[in-house]
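A short write-up of the structure that comes next.
Throughout, read-outs are computed from the coordinates displayed, never taken from laboratory work. This is a predicted model, so every value here is computed, not measured. Neighbour counts are summed over all protein chains in view; Cβ atoms, including those assigned to glycine, are modelled from backbone coordinates with ideal geometry.
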């Protein structure tokens, strides 16, 4: 790694959240596969694993052809485009989902009803070969913690086709 790459990595780590590389044991992988396969059969993933859910979500994202949507609304049956506001204030008709196991968690547990003002978030991917990601999450000042229970929806990554959702409880 060049000096410039090392310096860039250090500076980005100071300002952004940088997760450690995903490392799972063969036993953890087997447990995650069992839970995921059972969820495919049942239509909903009821997480009963011994590892933290975020580790399971990251594993599935990195090992399956899925995208992830995080929401406070657990009654979503299909991901359908709706009006959304982009970072620059433009309105688009879209579905926000990511091939990422961390970013959607922010939206799953963020209770926007408790906030006044706008939220800011970003995910920068530097050097795709190393899958090095840097996350930024910001919420306006608040009186109560702005967090609540949320839902993660997995959707098969099938361009231009109806997507079947699998929810993690």
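Structure above, values below:
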quantity	calculated
Relative counts (whole %) of C-alpha pair distances in region 66-129, using bins that are 5 Å wide	4, 13, 20, 30, 21, 8, 3, 1
Hydrodynamic radius by Kirkwood, which averages 1/r over all alpha carbon pairs of region 10-169, in angstrom	17.0
Over the chain, relative contact order from alpha-carbon pairs under 8 Å, at least 6 apart, %	27
Simple spin-label estimate for residue 25 and residue 10 in nanometres, 7 Å along Cα-Cβ	3.5
Ranked 111, 48, 75, criterion: other C-beta atoms within 10 Å, fewest first	75, 48, 111
Estimated Rh, region 1-77: Kirkwood, alpha-carbon pairs, angstrom	15.1
Sites residue 88 and residue 148 - FRET efficiency at Förster radius 25 Å, r taken between beta-carbons, to 0.05	0.35
